[in-house]
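Inspection log for the structure reproduced underneath, given as structure tokens.
What follows draws every value from the coordinates through simple rules; no lab data is involved. None of these values were measured; they are calculated from a predicted model. Every residue, glycine as well, gets a Cβ built from its backbone with ideal geometry; the counts of neighbours run over all protein chains shown.
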Amino acid sequence: MAQKISMATPLVEIDGDEMTRVLWQVIKEKLLTPYIDLKTVYFDLGLLHRDATNDKVTVEAAEAILAYGVGVKCATITANSARQKEYNLQHLHPSPNATIRAILDGTVFRKPIVVANIHPTVVTWKKPIVIGRHAYGDVYKAAEMAIPSAGKVELVYTTKDGKEQRILVANMDGPGVVQGMHNLDDSITSFARACFLYALEEKLDLWFATKDTISKTYDGRFKEIFQQVYETEFKARCDAAGISYFYTLIDDAVARVVKSEGGFLWACKNYDGDVMSDMVASAAGSLAMMTSVLVSPRGAFEYEAAHGTVQQHYYRYQRGEKTSTNPVALIFAWTGALKKRADLDGLPELASFAERLEKATLSTIEGGLMTGDLAKLASPAPSKVLDSWEFIDAIRATLEKM
């Protein structure tokens, strides 16, 4: 075999949980380390290690991404009470993705991975729809409280010099729940700028949607800042590039999206982007066919799979079964990170390898070799459904021919 491709600066490698953790190692063994002298700074964000470190490892991983500039992340579990019991956890920590995104204060861009023989279930879609998801605040940084009995709930703002402003949230007639969310003007402004810059780079029209008719102050602030950033910083550049900016309500946007041809960037608030990216990925083919990159205004990038840890497949794997779990989004997380590392360090050979691995992956699927999720959608249908290990071996064989 030819000499391995060198790297100058390490990637920050963030390991994860369950089935994706298993496939993470297979991808490295079969598709990366035979060809690259792979340099990484490793963090184990598996659920048990996060619990053992009281989630300190998650913060350290995020800080390392800022220091090294590029990270690649496996899927991780966000524990709930059922997971706490299953794994005998001492703590229930926030979503590791939410923690990392808050520290990087970036925007998540998610784009479907398109192959010729997998057709979208939304028949009008001709081009990929990219989701730009705000990655700070809202429900992911919310404070919550269970109200045990009747009483008054208020929002209180106290200035640094001790002055207070209060508004009534609700007069509770009995037990219930309350939640307080927040966001920051600086973060919303960074989100808007990132979306306009991405739209210009990719030559895509930009849509933005909130519910400012109901949330006149909170969502209204998002609308106001987006419009201000557009008019003061990007209107002339968008006009020159032939790119349009379009604002509408989130429910109207959903109705328009499913009747559109695609081919635009849809900017969404944090929770909206979480939901809509899964909708777009599923309708485009599979949740495992979606790239995801977190872009920080401080110049750092984190690439990850846009799906979860594939829990049920992991239980089958623990019983000794070979599962047909789709590893494409995990592969593209690695290739995205390698291409960005190559771009930042001036390593064309590394970038070329990452491009070849992506093409080998798509060519393998288009050649009729794929996992079960894609086999249900492929036209023509494949003659055989491969398990994950067979599929990765098939990609390796295609890569060798290239």
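Observations
- Between 0 and 90°, nearest 10: helix 270-284 axis offset from the chain longest Cα axis: 30
- GNM result for the chain, Cα springs below 10 Å: residue of Thr159, Thr76, Thr323 fluctuating most strongly: Thr159
- For Ile147, the amide hydrogen comes within under 5 Å of the amide hydrogens of Gly176, Val177, Val178, counting only partners 5 or more places away or on other chains and with H modelled in the peptide plane.
- Relative to one another, the C-alpha centroids of the range 360-375 and the range 160-222 are positioned 41 Å apart.
- Kirkwood Rh and Cα Rg combined as Rg/Rh, the chain: 0.98
- Taking only the C-alpha atoms of the range 241-344, Rg followed by Dmax gives 16.9, 55 Å.
- Max mean-square fluctuation residue, GNM over the chain, Cα-Cα springs under 10 Å, options Lys216, Lys269, Lys141: Lys216
- Given 12 as the ceiling on other Cβ atoms within 10 Å, longest exposed-site-free region of the chain for GluC sites (Glu not before Pro) in DSSP loops: 1-260
- Couplings 3J(HN,Hα) of the range 286-292, computed from phi: 6, 4, 8, 10, 8, 7, 8 Hz, in residue order, whole Hz [Karplus 6.51 cos²θ - 1.76 cosθ + 1.60, θ = phi - 60°; x for Gly and Pro].
- The angle between the Cα long axis of helix 56-68 and the main principal axis of the chain comes to about 70°, on a 0 to 90 degree scale.
- Residues whose placed amide H lies under 5 Å from that of Ile5, excluding near-sequence neighbours: Ile36, Asp37
- For Met370, residues with placed amide H under 5 Å, excluding near neighbours: Leu386
- Contact order for the chain, expressed relative to its length and based on alpha carbon pairs under 8 Å spaced 6+ residues apart, stands at 22 percent.
- Averaging the Cα positions of each part gives two centres, and for the range 1-35 and the range 82-97 these lie 27 Å apart.
- Derived scalar couplings ³J(HN,Hα) [the range 14-29; Karplus, 6.51 cos²θ - 1.76 cosθ + 1.60; whole Hz; x for Gly, Pro]: 10, 7, x, 10, 6, 5, 5, 5, 4, 5, 3, 5, 5, 4, 4, 5
- Sum of -39500 (n - 2.57) over DSSP H runs of 4+, divided by residues of the chain (222 nm, nearest 500): -12500 deg cm²/dmol
- Using alpha-carbon coordinates, inclination of helix 328-345 to the longest axis of the chain, degrees: 90
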